[in-house]
Structure formats: structure tokens, C-alpha cells
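All of the numbers you see were taken from the coordinates with simple rules; none came from a lab. What you are looking at is a predicted structure, and each value in this text was computed from that prediction instead of being measured. Positions of Cβ are generated from backbone atoms using ideal geometry, with glycine treated the same way; all protein chains shown enter the neighbour counts.
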Amino acid sequence: TMLPRCAAPVCHVLLLVLCLSAAEDFDWTKNDRSSSFYYGTFPTGFSWGAGSSAYQTEGAWDKDGKGLSIWDVFSHKKGRVLRNDTGDSSCEGYYKVKDDVSLMNELKLNHYRFSISWPRIIPTGIKSDHINEKGIQYYNELIDHLLENKITPIVTLYHWDLPQVLQEKYGGWQNVSIVNHFNDFASLCFEKFGNRVKYWITFNNPWSVAVEGYETGEHAPGLKMRGTGAYRTAHNIIKAHAKVWHTYDTQWRGRQKGLVGISLSGEWGEPVDINNQKDIEAAERYVQFYLGWFATPIFHGDYPQVMKDYIGRKSTQQGLGSSRLPSFSSQEKSYIKGTCDFLGIGHFTTRYITQKNYPASRGGASFFTDRDLAELVDPRWPDPGSEWLYSVPWGFRRLLNFVKAQYGNPMLYVTENGVSEKMQCTELCDDWRIKYYRDYINEMLKAIKDGVNVRGYTAWSLLDKFEWDEGYSERFGLYYVDFRSKNKPRYPKASVQYYKRIISSNGFPNQREVETWKRRATETCSSSNQLLAADPLTSHMEMVTEIVVPTVCTLCILLSAVFLMFLLRRRN
Ligand code: NOJ
């Protein structure tokens, strides 16, 4: 038999302790929102998919004429990404179109969501400079191959990899001039691929672009413009989204008959105390500063009132002449309103929210203090992977119902949902992921029964891949990717088998059947684990860190103890 090869990182234990201390004075058992499992199926035609993004999976960062993106530059700077990982080769997805489509066939996916790398097809980001035919050819090949296999492509135009030239020349999303460049890029995509692509997503998760790219600097381009950077970025992104929607609407829709939407991330905020008005309002603010920041202009023409109030008031208190939240002119408002044929939702987790005042100091302005709230987690929530990702299925149903109520029940596609693991070893038996998918998809089913108009679901992600500032340390994939091996082979985790059954049954037909799924999904994974772990290079590296290092350390400690005892004895 093999030695256990998995070590859960120490930081998990630490995190739990931190959470426990934060939760000390609150009785979490009062807040149990769990409810029972719902057996039933999805409406016919419901679309099942999986997702990826260009920088996270393609690799080939400098091949075939591709230009630099802000993520190429950011990840090459030391200290920006965990262990200085980069997306240089990642999953080598650029070279593995056929292999990856066959993985999708194995799952019997209805759709595949991927993104187009802007600098791969327009190296400087400026269309009049140069168009890279080789890049166009790659996406043609991918799209054609998907369609040959009856898999609908859902294509994101911007999944964070801005051409570096646009960042250097204009300051990226800080500068309104980028709106036209983005529109040119989008038009090129409609022209080249729009005869075959019918689902377009302008932006993926602009909240992260704004907050992590230009406010905290954890993501590329790594700018820390606290209190203003995120709002200005978001403002230009919203304008760019609207412009592209209008371009499609007036120039392409007639011929191509597709849809243009945006993918917003929305985590759910639940009041810590549902009987406390302050907590209720704080939780509402949390969601408005997340999803509402982008969805409200797009559906209703302007920012949420609560954002205008809070940021405006704080800006005045800080002695500023105008709000740090930019405003739209009335023309812009009507231009932006209604620019969404379907809404993409990326959802992973939930927080408990309580009211917390942050005094408006002059230098201390920030997106986070503008909200006047604190986020808490229930220490009993499972968090198998990314630090921020607690599994709270019921939050998903609440978020979906919120979207229905706030934005007039728009057509929805879940564009991202899934969970990571932080194992330093091969682990194909991902029973926590099985549970996560099972329970989140079940809550989505309940939301559909509530009347929410969800048309499709995208598991995030098809493959393990580059997880931004966390490098390769967080694995979201249904398929395990061996990044140590040059050829980046893919191996199915047990969740592949489970998701496959959800898809083939279009839901959860009945208790008797569903209960057999997990056992059947995990039947072969442990033997595959062992085979994989027995790979000579892998086992050599793991031997060193998991066996040799601890053994040598223990021996050293023992020897010094013996030596000390020896010294003491001689003294006596
Ligand atoms: C949202 C991002 O869009 C995606 O790229 C990332 O992998 C997931 N969050 C998980 O962190």
C-alpha cells in the first residue's frame, strides 16, 4: 500500500482558528439556513456547460505573434503571484483543442464557455496597428471543433487580459479612450466569429478587474488607487459594455441573430441578525456594492442609490468637491439602460454581514470602507480550497431570487460556479466537490421552481488552471492537470462522473438513483490516485518534501536531545 500523500496545508487550521475567534460572541446555530434536498429535473433544453478563460489555460503566451497582456507582465514580476507562477504555459490549451473537446464530449456538455485573448488577435490592442491572423485561426479552429461536436460556444471578450500597450499608453481602464479600442476588438470578433458564435459576454467579473486590479493591486495591472481606482475603472467598463452591445444591436444582430450579455460576480450577503434593521441594510449594501454596482446601471440606467448616497456622503466628509463615484449624464443613462440580452452570473460563496461604521478620514478612503459593513463567516461552513470560498449552497438560491426581483427576471446563465482544493498532492477523489456541485445545483433547481429564469449552468472550471495571484495552488478543475509534466496531461476527478450523471439525468430524478451516484463516481478514483502518484518524478519530489525532510528534522531533534542529556549527565 502507498503512504498517505496528502497534507492539508497548515493555513487552513489557522484560518479556522481566526474565524472561531471572530465568531466567539455569536450563536451561529441560530442562523442555520439549511433546508432539505429537492428531487426533480430541470426544464427541457436547459444547457449544461463548463468554463475556462484564455490566460488561465491557453499558455503559448508569446507564440504565433501574440502580444503581451497585463497578466504576462504582472506575473513575470517577482512577488506578485504565489511562488512566482506564471501562465506562460499553463495547461497548453492552445495546443490541445482536440483533447479538450473530447473531455467535454465525455461529460456530454451542451456548451463550453471560454474567452478570447485580446492581445492574441490584436497584439497591441489597437486594431489599426495589426491583426494577428494566427490568433484568429486558433479561435476559428476551437469554435469549429466545438460546433462539430454539437457544443455551443459561449464566448467572453474580456477575461482580464488587457493588451499591455493599452495599459502603458493610456492607463488601461482608467482612461475612457479604451472604450473605443474595446469596441474595435469586439467588432472584429463579431466579424470573424459571429457567424458561428451566438452568445457573447462582454466582460467577465468586472468587480474583480476594478477592485483587485486598480484598488488593492492584487491583480494585474497591480495599481493601488484606493477610493477612486475601482470606481473609475467600473465606470469605463460599463460604458464599454454598453457601446459593444449597441454595436452588435445595430450592426450585427440582424444578420447573426445572437445575444450579448455580461457576466457579473455576485456573492450573497445575509444579515447576521435577521431581526436587526441595520444588519438587513448592511447586507443589502454588500450585494449592491457587488452585483448591483454593474447590474443596476445596465438594467435601470444608473448606480444603486445606496452607492451614490454612501460614497457621496463620505466624499463630502473627506472635503472633496465631488463624489469619488463618477456620474453618468442623462444621455449616458439612457444609452446604458437595457443593454443586456442575458445576464451571466458567477457565484461561489456567501458571507454574513453586519453594520460597521468606518469614519471618513481624508487619506483613508477605500471601496471597502465606503460600504460601512463587516463580513463574517460561520466557522462550520466547509472551506476545502480557496480561503474566501466557503460552501453555502442556500446563498445561491437567495442571490438568484434577488436578481429576479431587482432586475425584472432577466434571462440568466450561470457562467461560473464551483470549488477549489488546496492539496499539495494528486487527489482525484474530490468528494467535497461532488457535494458542492450537488448542493449548489440543487439550490439552483429550487430557484427555478421559485420562478427564476435560469437557462444554463457552467461548472467552473473544466480544467485545473492558473488561478491568478494564487498561481497553481488552487485547483478548480473537474479534470486534474499535472503541471509538473511538460505535456500537461489531464485526469478526470471523481466529480467528472458525478456531474456527468447530473447532466444525463438533467437534474436529480429520484432519491434512490441519486444516492448511488456518489459511490459510483468514486469507485475508481483511489486506484487512479495511486497510479498517478507512482509516477517516478512526482513521487521523487513528494518523497523529498514529505518523507526525507520530516525524517531528517526529527532525527536532528532527537540527536540534539540525546546530546544534551549526555552533557547534563557529565556535569552531575
Ligand atoms: C472568478 C474568475 O472569473 C475566474 O477567473 C476565477 O478562476 C474564479 N473566480 C475562481 O476564483
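Less than 5 angstrom separates the built amide H of residue 459 from those of 49, 50, 51, all sequence-distant by 5 or more or on a different chain.
Measuring nothing but how far apart in sequence close Cα pairs (under 8 Å, 6+ apart) lie, relative to its length, the stretch 267-391 scores a relative contact order of 30 percent. Of the beta bridges in the chain, as assigned by DSSP with both residues counted there, near 25 percent are antiparallel.
The residues 309, 469, when put in order of fewest to most other Cβ atoms within 10 Å, stand as 309, 469. Residue-wise HN-Hα couplings along the stretch 177-191, as the Karplus relation 6.51 cos²θ - 1.76 cosθ + 1.60 with θ = phi - 60° gives them from phi, are 5, 5, 4, 5, 5, 5, 5, 5, 4, 4, 4, 4, 5, 4, 5 Hz; Gly and Pro carry x. Taking only the C-alpha atoms of the chain, the Rg (one decimal) and the largest Cα-Cα distance, Dmax (whole number), read 24.7, 97 Å. For the stretch 346-361, backbone phi angles converted through the Karplus equation (6.51, -1.76, 1.60; θ = phi - 60°) give residue-by-residue couplings of x, 9, 10, 7, 9, 10, 7, 10, 10, 5, 8, 7, 10, x, 7, 8 Hz, Gly and Pro being listed as x.
Mean sequence separation of contacting Cα pairs (under 8 Å, at least six apart), scaled by the length of the chain, corresponds to a relative contact order of 17 percent. Residue-normalised convex hull volume from the C-alpha trace of the stretch 91-164: 91 Å³ per residue.
Using Cα pairs under 8 angstrom and six or more residues apart, how large is the relative contact order of the stretch 66-200, in percent? Can you show the working numbers first?
Working: 171 pairs, mean separation 41.7, N = 135.
Result for the stretch 66-200 is 31 percent.
Run lengths n ≥ 4 of DSSP H only: what is the helix-derived mean residue ellipticity at 222 nm for the chain, with -39500 (n - 2.57) per run over all residues, to the nearest 500? Working shown, then result.
On the way: 22 runs with 243 residues, N = 572.
The per-residue figure over the chain is -13000 deg cm²/dmol.
Backbone geometry of the stretch 327-342 corresponds, through the Karplus equation with coefficients 6.51, -1.76 and 1.60 at θ = phi - 60°, to 3J(HN,Hα) couplings of 10, 8, 6, 5, 5, 4, 4, 6, 5, 7, 4, x, 8, 8, 7, 8 Hz, x marking Gly and Pro. Between residue 531 and residue 108, the simple spin-label model (points 7 angstrom out along Cα→Cβ) gives 2.4 nm.
Kindly put 411, 444, 565, 423 in sequence by how many other C-beta atoms sit within 10 Å of each C-beta, fewest to most.
565, 411, 423, 444
Comparing Cα centroids, the stretch 407-422 and the stretch 175-191 end up 26 angstrom apart. Put in line by how crowded their Cβ is, counting other Cβ atoms within 10 Å and starting with the fewest, 188, 478, 146 read 188, 146, 478. Summarising the amide proton neighbourhood of residue 344: residues at separation of 5 or more, or on other chains, whose placed amide H is nearer than 5 Å comprise 262, 263, 264, 413. Amide H contacts of residue 156: 114, 115, 116, 201, each under 5 Å away and 5 or more positions distant or on a separate chain (H built 1.01 Å from N in the peptide plane; Pro and chain starts excluded).
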